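As structure tokens, the structure follows; a few thoughts come after it.
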Amino acid sequence: MPTRVEVLTALLGALKLARFDPNGTALFGHTARAAWQSFFAALLAAPFFLFLVIFNFYQEPDAGPALIFALISYAGGWLVFPVVVWYAVRAMDREDRFAHFLAAYNWSAVIYNTLFFLLAFIDAVTGTSTGARAFFALLIFAYVAVFIWFIARTTLDINRGQAALIVGLDVLSAIVWSGFTETLASGN
């Protein structure tokens with residue numbers, strides 16, 4: 001488990017990366033230990049995810065998987081992408097930078113989970129329209145895609161197209177994993 005100083009340092013690095021400051025990468029480790037410790041970010045982001053699950057259940061009580069499947073989806077989502085991206089990073093001959101990328105990617109997830117949480121919270125408080133909610137969710141999604149692209153480009157030292165491939169793998173693995181867990185939840 002990372003120390004309090006390591007957590008705060010990593011979150012500061014994630015905030016810098018969120019502002020597209022490449023100096024944020026210096027605040028993440030380059031070791032397997034740093035990569036493993038970055039999964040602590042899943043615990044920090046979990047309350048935001050739980051809020052979103054509960055919020056969605058109140059919006060559409062009959063939709064979505066049961067809470068247990070939502071938790072399986074959440075935990076698995078943190079594991080699926082690193083496995084998938086490992087093979088892409090190897091194919092790019094950047095496996096020596098994988099730990100650094102994974103540390104930055106995982107800690108940065110706290111930032112974008114916070115953004116989606118804030119959108120849902122504002123929606124819950126103000127009762128925004130479906131169209132407005134969808135518009136702002138799309139804006140956040142676009143920002144997160146560029147954010148992840150920036151992380152991949154700077155930590156892996158790859159070209160723009162390769163960074164776009166990393167983003168595509170992230171989106172695709174999330175869609176496939178979510179579909180898999182929803183299928184399990186529905187019993188089909």
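The values are calculated or read from the model by the stated rules, or taken from the named source; none is laboratory data. Since the structure is predicted, the reported quantities are computational estimates derived from the model, not experimental observations. So basically every Cβ, Gly included, is an ideal-geometry build from the backbone, and we count neighbours across all protein chains shown. Only protein heavy atoms, including side chains, enter the accessible area calculation; ligands, DNA and RNA are left aside. Shrake-Rupley method; radii C 1.70, N 1.55, O 1.52, S 1.80 Å.
Residue count for the stretch 122-160 under the criterion of being open to solvent by 40 Å² or more (accessible area, probe 1.4 Å), modelled with pLDDT of 95 or more and among the hydroxyl-bearing types (Ser, Thr, Tyr): the result is 2. ALA75 - would you say it is farther than 22 Å from THR181 by Cβ, in a helix (DSSP H, G or I) and within 15 Å of the chain's Cα centre (by Cα)? For ALA75, the condition - farther than 22 Å from THR181 by Cβ, in a helix (DSSP H, G or I) and within 15 Å of the chain's Cα centre (by Cα) - is not met.
Only a single item in (1) under 21 Å from PRO22 (Cα atoms); (2) free of Cβ contacts under 8 Å to residues at least 40 places away in the same chain; (3) out of contact with any Phe, Trp or Tyr (no Cβ under 8 Å at 6 or more places or on another chain); (4) of a type in the set (D, E, K, R) is not met by ASP157, and it is number (2). Picking from VAL110, VAL89, which residue would you name as being within 19 Å of LEU50 (Cβ to Cβ), of a type in the set (A, V, I, L, M) and at pLDDT 95 or above? Exactly one of VAL110, VAL89 is within 19 Å of LEU50 (Cβ to Cβ), of a type in the set (A, V, I, L, M) and at pLDDT 95 or above, namely VAL110.
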